[in-house]
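Remarks on the structure that follows.
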Amino acid sequence: PEQVAAQLAQIARAEELPVRTPEGSYPIHIQQGLLTRAGWALRTAGIPQGSQVVVVSNPTVAPLYADLLQAALQAAGYQPGLALIPDGEAHKTLGTLAYLYEQFLDLRLDRSGTVLALGGGVTGDVAGFAAASFMRGVRFAQMPTTLLSMVDASVGGKTGVDLPRGKNLVGAFKQPACVLIDPLCLQTLPAEELRSGMAEVIKHAALNDPGLFAELEQHAGDLTLWWQDSAPQWLARAVKVKIDVVEADPFEQGQRALLNLGHTTGHALEQLSGFALRHGEGVSIGMLAAARIAARLGLADEALADRLRACLQGWGLPVTCPPLPAADILAAMRHDKKKQSGALRWALPLAIGRAEIHSSVPDTTILEALVELGA
Ligand code: NAD
Ligand code: MG
């Protein structure tokens with residue numbers, strides 16, 4: 001069977017990216033149809049055969065993929081189990097975490113077992129924190145099924161839940177044993193979720209991969225890209241940017257703030273819209289705000305913002321700010337927990353493929369940039 005699996009791997013083009021963390025290295029496997037070979041991939045990652053693997057998913061994703069995944073686990077000699085959490089950010093809570101622990105106990109999960117997250121970023125964050133904390137920590141693996149979780153949330157080891165007073169206020173760093181990405185899962189993802197995830201893909205390209213950015217410009221708007229034969233290569237390039245940043249700053253002490261490009265303004269707009277604006281939409285407008293600020297500070301030329309705008313627009317993302325008072329947007333930014341010692345930290349693009357962190361952007365510059373975008 002190993003030989004057959006290896007041959008299949010050659011037929012479907014596979015990408016394997018190592019991620020180096022303070023606790024050692026783990027692989028990200030990207031391959032079409034990987035869902036049906038997930039058990040073999042876990043064995044390759046050293047998860048003991050015969051051990052228990054509890055799949056954590058939700059009522060949207062489980063009916064699509066949990067049976068296939070559990071069968072694949074069984075076929076490779078694992079004891080699969082299934083635990084469900086309710087779908088949606090509203091359920092990324094301590095209550096859901098407690099509910100998940102109960103299911104782990106019912107399934108008799110112990111420290112020899114593994115928690116395998118199957119779903120988007122919410123599932124990954126909750127399952128990861130549950131794995132980090134249940135019985136002081138059990139093994140964790142991830143099978144991200146949204147574009148955002150494939151290129152962003154599943155990399156970097158951050159896990160956690162929200163509190164009523166804010167997002168991601170409780171959590172832990174928990175590195176997975178492996179991350180398995182099957183791009184074919186993206187075929188069932190609603191187009192608006194795919195488009196929202198594109199904002200992070202474009203962000204990664206804008207941060208550190210000008211070649212990828214140029215290709216995204218060329219293929220603008222073509223969401224089928226994500227399940228064509230070349231999807232694993234596209235995903236690998238998008239995820240590599242995040243890998244490089246988190247490897248250099250695993251505990252978010254410095255350079256990792258670059259990944260916040262577009263998020264300072266984006267979070268504020270998401271909040272002010274009562275979350276009617278999707279995360280990717282907020283990030284899209286936020287990246288343009290950052291580009292406008294960079295232009296105003298003389299750090300980037302005007303053409304950078306124009307190019308970014310055209311690309312985002314081409315992928316169906318918003319490029320103008322909702323008509324809110326700029327001062328309200330600035331006030332909302334200040335409430336963001338990512339602020340440090342009172343000063344907002346801005347990831348500013350200098351060119352396509354290059355960005356820098358600045359923590360002393362004058363308020364007037366921020367306000368002017370927002371007004372330029374329609375605030
Ligand atoms: P999500 O997990 O809510 O998924 C979006 C929707 O798509 C959900 O309804 C989900 O059930 C559904 N879905 C998932 N996969 C599907 C598929 N293949 N087919 C059909 N439907 C599918 O949202 P998301 O955008 O994946 O993740 C957002 C979350 O990720 C936020 O909570 C955010 O804080 C977190 N996040 C974490 C990190 C990190 O480093 N840990 C980074 C970025 C974001
Ligand atoms: Mg984000």
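Only one entry of P18, P48, P59, P1 meets the criterion of being within 16 Å of ligand 1 (Cβ to nearest atom) and surrounded by fewer than 18 Cβ atoms within 10 Å (Cβ to Cβ), and that entry is P59. Scanning segment 248-260 for residues being at pLDDT 95 or above and either β-branched (V, I, T) or away from ligand 1 (no atom under 13 Å from the Cβ) (or both) gives a total of 1. Per the conditions (1) part of a strand (DSSP E or B); (2) modelled with pLDDT under 95; (3) closer than 27 Å to A41 by Cβ, the sole criterion not satisfied by N168 is (3). May I ask you to say which residue of R278, R292, R309 is surrounded by 14 or more Cβ atoms within 10 Å (Cβ to Cβ), closer than 28 Å to T146 by Cα, more than 16 Å from ligand 2 (Cβ to nearest atom) and charged (D, E, K, R)? Answer to the check: R309. Looking only at residues of segment 185-201 that are more than 16 Å from ligand 2 (Cβ to nearest atom) and touching a residue at least 40 places away in the same chain (Cβ under 8 Å), we find that the one that is nearest to V122 (Cα to Cα) is L189. On the given criteria, is S273 crowded, with 23+ Cβ neighbours inside 10 Å, farther than 22 Å from S360 by Cα and in contact (Cβ under 8 Å) with a residue 12 or more places away in the chain? Spelling it out, it is not the case that S273 is crowded, with 23+ Cβ neighbours inside 10 Å, farther than 22 Å from S360 by Cα and in contact (Cβ under 8 Å) with a residue 12 or more places away in the chain. The set of residues in segment 214-263 that are of a type in the set (F, W, Y) and over 20 Å from P183 (Cβ atoms) contains only F251. Here the condition is being near ligand 1 (Cβ under 9 Å from one of its atoms), polar (S, T, N, Q), without any contact (Cβ under 8 Å) to a residue 40 or more places away in the chain and surrounded by 21 or more Cβ atoms within 10 Å (Cβ to Cβ); of T123, T159, it holds for T159 alone. Quick check: is even one residue across segment 133-147 within 17 Å of the chain's Cα centre (by Cα) and surrounded by fewer than 24 Cβ atoms within 10 Å (Cβ to Cβ)? Within segment 133-147 (the criterion being within 17 Å of the chain's Cα centre (by Cα) and surrounded by fewer than 24 Cβ atoms within 10 Å (Cβ to Cβ)), the answer is no, since none of the residues qualifies.
The values are calculated or read from the model by the stated rules, or taken from the named source; none is laboratory data. Keep in mind that what you see is a predicted model, and the values were worked out from it rather than measured. Using ideal geometry, Cβ is built from the backbone for each residue, glycine included, and neighbour counts are taken over all protein chains shown.
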